[in-house]
Amino acid sequence: MTEPDVLHTTGDHVLTLTLNRPESLNALTPDQRERVIGLLSEASADPAVRAVVLTGTGRGFCAGADLRGTGADLRGTDADLRGTDADLRGAGAATGERIAGDVARILRTGAQRLIAAVLDCEKPVIAAVNGTAAGLGAHLAFACDLVLAAESARFIEVFVRRGLVPDAGGAYLLPRLVGPQRAKELMFFGDALTAADAERLGLVNRVVPDEDLDKTARAWADRLATGPTRALALTKQLVNASLDTDRGTAFAAEAAAQEINMATADAQEGVRSFVERRSPLFRGH
């Protein structure tokens with residue numbers, strides 16, 4: 001029996017999503033994309049899930065969108081990068097005619113929805129980058145709240161190599177993570193970035209030996225899963241929104257988040273445990 005393209009397990013309040021097409025370095029198919037979007041949406045509403053880990057099987061985390069069958073000529077490219085370009089399925093990658101607006105429509109309903117699903121997930125999402133993360137795959141990692149990388153991982157803004165404009169939110173995410181000058185350098189040249197260099201630039205929280213990646217990701221996820229889940233969700237929302245708002249709006253959002261959070265059982269437990277001089281026991285609500 002064939003294994004699913006996206007493996008998912010839940011244990012101790014941690015949902016682990018594993019892209020499972022190692023033969024293609026986990027290049028993402030439309031069906032996989034929709035499955036990940038759906039699982040992240042379900043995680044937001046599921047009280048049994050309090051943290052998410054996103055990873056891949058084999059040598060690749062995600063080599064971008066799967067281009068097979070699009071008519072794009074990838075012969076002669078780096079074997080590790082096949083399938084790392086934008087998802088142009090049906091959008092004119094072949095030489096046939098297309099309807100005006102197809103490319104923009106496919107990106108809006110495809111790669112951009114995936115990145116938004118990670119950013120909008122109400123549970124903290126950890127990327128455990130086990131290998132190559134290229135194009136869409138790199139942006140999928142950068143959209144996560146925390147990024148762990150194996151020493152063998154590498155990140156590639158591959159679009160320029162194919163004459164393409166970055167998609168999947170890359171021009172939104174990268175300047176916010178490393179600043180506009182660094183973002184342009186990465187996108188203009190498309191050079192492979194080692195895990196150590198990604199950490200130095202601030203794209204990765206921590207680099208660990210390959211054999212320690214799963215263990216470290218699980219340890220981080222376990223810590224998050226025992227934390228105040230609603231407070232973490234509101235904190236994530238505040239931080240993500242702060243980069244797009246003025247000070248007044250950010251302060252108003254902070255006050256509103258505080259108002260909402262103080263009504264939660266976890267906030268009350270946190271205050272009570274402080275008064276009683278004991279460790280809090282957060283239950284996620």
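The values are calculated or read from the model by the stated rules, or taken from the named source; none is laboratory data. Here the structure is a predicted model, which means the values were calculated and not measured. When we count neighbours, we look across all protein chains shown, and the Cβ atoms used for this are built from the backbone with ideal geometry, even at glycine. Surface areas here come from the heavy atoms of the whole protein model, side chains and all, with no ligands, DNA or RNA. Shrake-Rupley method; radii C 1.70, N 1.55, O 1.52, S 1.80 Å.
For the condition in a helix (DSSP H, G or I), within 25 Å of the chain's Cα centre (by Cα) and surrounded by fewer than 18 Cβ atoms within 10 Å (Cβ to Cβ), what is the one hit in Thr235, Thr249, Thr245?
Thr235
Filter the range 161-177 for residues that are open to solvent by 40 Å² or more (accessible area, probe 1.4 Å) and modelled with pLDDT of 90 or more and give the result.
Ala171, Tyr172, Pro175, Arg176, Leu177
So which of Thr264, Thr245, Thr216 is over 30 Å from Val129 (Cβ atoms) and among the hydroxyl-bearing types (Ser, Thr, Tyr)?
Selected residue: Thr264, the only one of Thr264, Thr245, Thr216 that is over 30 Å from Val129 (Cβ atoms) and among the hydroxyl-bearing types (Ser, Thr, Tyr).
In the range 42-62, how many residues are assigned to a loop (DSSP other than H, G, I, E, B), of a type in the set (A, V, I, L, M, F, W, C) and surrounded by 24 or more Cβ atoms within 10 Å (Cβ to Cβ)?
We begin by selecting, within the range 42-62, every residue assigned to a loop (DSSP other than H, G, I, E, B); these are 46-50, 57-59.
Pick out the ones that are also of a type in the set (A, V, I, L, M, F, W, C) and you get 48-49.
Filter once more, keeping what is surrounded by 24 or more Cβ atoms within 10 Å (Cβ to Cβ): none.
Final tally of qualifying residues: 0.
Out of the residues in the range 4-21 that are in contact with a strand residue (DSSP E or B) (Cβ under 6 Å, 6 or more places away or on another chain) and polar (S, T, N, Q), which is surrounded by the fewest Cβ atoms within 10 Å (Cβ to Cβ)?
Per the stated criteria, the residue is Thr9.
Give the number of residues within the range 106-139 that are touching a residue at least 12 places away in the same chain (Cβ under 8 Å), open to solvent by 20 Å² or more (accessible area, probe 1.4 Å) and not aliphatic (A, V, I, L, M).
Adding up the residues that qualify gives 5.
Kindly indicate which of Ala196, Ala225, Ala263 is out of contact with any Lys or Arg (no Cβ under 8 Å at 6 or more places or on another chain), open to solvent by less than 90 Å² (accessible area, probe 1.4 Å), at pLDDT 95 or above and of a type outside the set (Lys, Arg).
Details: Ala225 fails: out of contact with any Lys or Arg (no Cβ under 8 Å at 6 or more places or on another chain); Ala263 fails: at pLDDT 95 or above.
Answer to the check: Ala196.
Show the residue pairs that are 6+ apart or on different chains and have beta-carbon atoms under 7 Å apart, the first residue being within the range 207-226 and under 17 Å from Arg59 (Cα atoms), the second being part of a helix (DSSP H, G or I) and modelled with pLDDT of 95 or more.
Val207/Ala195; Val207/Ala196; Val207/Glu199; Val208/Thr216
Could you say whether any residue in the range 41-54 is more than 20 Å from the chain's Cα centre (by Cα) and modelled with pLDDT of 85 or more? Talk me through it step by step, then tell me what you get.
Taking the range 41-54 as the starting set, the residues that turn out to be more than 20 Å from the chain's Cα centre (by Cα) are 47-48.
Filter once more, keeping what is modelled with pLDDT of 85 or more: 47-48.
Yes, the conditions are met somewhere in the range 41-54.
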